[in-house]
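**Q** Sharing a structure here in structure tokens format.
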Amino acid sequence: MEIIIQPDAAEASRVAARIVARLVGDKPHAVLGFATGNTPLQLYRELVRLRREEELDFSGVTTFNLDEYVGIAPAHPSSFHSYMWAHLFSHINVPKQRIHIPDGLTADIPATCRHYEQAIRSAGGIDIQILGIGTNGHIGFNEPTSSLSSRTRIKTLTEESRKHTAAGFGGTGGVPTHVITMGLGTIIDSRMCLLLAFGKKKARAVARAIEGPVTAMVPGSVLQMHPRTVAVLDREAASELEMADYYTWVYDHKPDWQRY
Ligand code: F6R
């Protein structure tokens, strides 16, 4: 895994945006996997800026989001649909018909999940999957003990995850109990994974995912099995990494052609 440690979330998000922008520049029909939550907000802001100021062209891309709440309509202000339109899709030129987010209102969850997997395959697979990480080590909403080879399916949120999004639902009691999420197997089928983590409260999960044993108890640790994961962290999120100095040295000594 390549680990890039930046002074703060703003710098880290700019590195991440350059990685995404380069892919979209090199491969106009790229398939982009998106996450929601606080972590990628600055990355999305930077992509919007690149669209506005440098005409980064998203007209050929296809997108797949990691997850959506079960029982929540797309128009709900705290749905992941609303989040994506508010922070990214309304501001870039991605064609609406090539945007995919799991349907939280489906009457047939297993069929919806199968079709989601099929749609990813038909699009040629995901070129880059953006990921945040939960304090319990989840990626997507693959909570601890998720199968490392799981595919898109329904998952039950942990209390910790429900508390994290309580504000958007008028308290933890209002947060949906279930989500549809890409599985860990789905995520690591992506050609590249771009993990972002910022802030002290992510430090333990980051250290366990990157340097700990590969275990379903820390779902993000499955990324150790992925041939091309780049983790872009701020200093606080990297603060419990044993090899942090080495990662910084490696990044500082990258050959020019490998720089982002
Ligand atoms: C959301 C998702 C989650 C979040 C994680 C971190 O689509 O996939 O795994 O990335 O819960 O959330 P934040 O970024 O809010 O700390």
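The values are calculated or read from the model by the stated rules, or taken from the named source; none is laboratory data. If you're wondering where the values come from, they're calculated on a predicted model, not measured in any experiment. Because the Cβ atoms are built from the backbone with ideal geometry, glycine has one as well, and the counts that use them run over all protein chains shown. Just the protein is used for accessible areas: all its heavy atoms, side chains included, with ligands, DNA and RNA removed. Shrake-Rupley method; radii C 1.70, N 1.55, O 1.52, S 1.80 Å.
**Q** State all residues of the range 92-138 that are touching a Gly at 6+ places or on another chain (Cβ under 7 Å) and in a strand (DSSP E or B); if no residue qualifies, say none.
**A** If the condition is that a residue be touching a Gly at 6+ places or on another chain (Cβ under 7 Å) and in a strand (DSSP E or B), then I128, Q129, I130 are the ones that fit.
**Q** Before we move on, is G174 open to solvent by less than 60 Å² (accessible area, probe 1.4 Å), away from the ligand (no atom under 16 Å from the Cβ) and on the phi < 0 side of the Ramachandran plot? Can you show your working first?
**A** Numbers: open to solvent by less than 60 Å² (accessible area, probe 1.4 Å): yes; away from the ligand (no atom under 16 Å from the Cβ): yes; on the phi < 0 side of the Ramachandran plot: yes.
Answer is yes for this residue.
**Q** Right, something else. Give me a count of the residues in the range 109-133 that are more than 17 Å from V31 (Cα to Cα) and out of contact with any helix residue (DSSP H, G or I) (no Cβ under 6 Å at 6 or more places or on another chain).
**A** Residues in the range 109-133 being more than 17 Å from V31 (Cα to Cα) and out of contact with any helix residue (DSSP H, G or I) (no Cβ under 6 Å at 6 or more places or on another chain): 7 in total.
**Q** From the residues in the range 21-45 that are away from the ligand (no atom under 16 Å from the Cβ) and in a helix (DSSP H, G or I), which one is surrounded by the most Cβ atoms within 10 Å (Cβ to Cβ)? Walk me through it before giving the result.
**A** To start, the set of residues in the range 21-45 that are away from the ligand (no atom under 16 Å from the Cβ) comprises 21-31.
If we keep only those that are in a helix (DSSP H, G or I) as well, we get 21-26.
Working: A21: 17, R22: 12, L23: 19, V24: 23, G25: 13, D26: 9.
Per the criteria, the residue is V24.
**Q** Another one. Examine the range 50-73 for a residue that is in a helix (DSSP H, G or I), away from the ligand (no atom under 15 Å from the Cβ) and closer than 29 Å to A207 by Cβ, and state whether such a residue exists. Can you show your working first?
**A** Step one: filter the range 50-73 for residues in a helix (DSSP H, G or I), giving 50-54.
The next check asks that each one be away from the ligand (no atom under 15 Å from the Cβ); those that pass are 50-54.
Filter once more, keeping what is closer than 29 Å to A207 by Cβ: none.
Within the range 50-73, none of the residues are in a helix (DSSP H, G or I), away from the ligand (no atom under 15 Å from the Cβ) and closer than 29 Å to A207 by Cβ.
**Q** Within the set of pairs 6+ apart or on separate chains, which have a first residue in the range 8-26 that is under 10 Å from L43 (Cα atoms), a second that is open to solvent by less than 50 Å² (accessible area, probe 1.4 Å) and assigned to a helix (DSSP H, G or I), and C-beta atoms under 6 Å apart?
**A** Every condition considered, the pairs that remain are S13/L43; S13/E46; R14/E46; A16/L43; A17/L43; A17/E46; A17/L47.
**Q** Moving to a separate point now. Scan the range 87-110 residue by residue and report those that are touching a Pro at 6+ places or on another chain (Cβ under 9 Å) and open to solvent by 80 Å² or more (accessible area, probe 1.4 Å).
**A** L105, the sole residue that qualifies.
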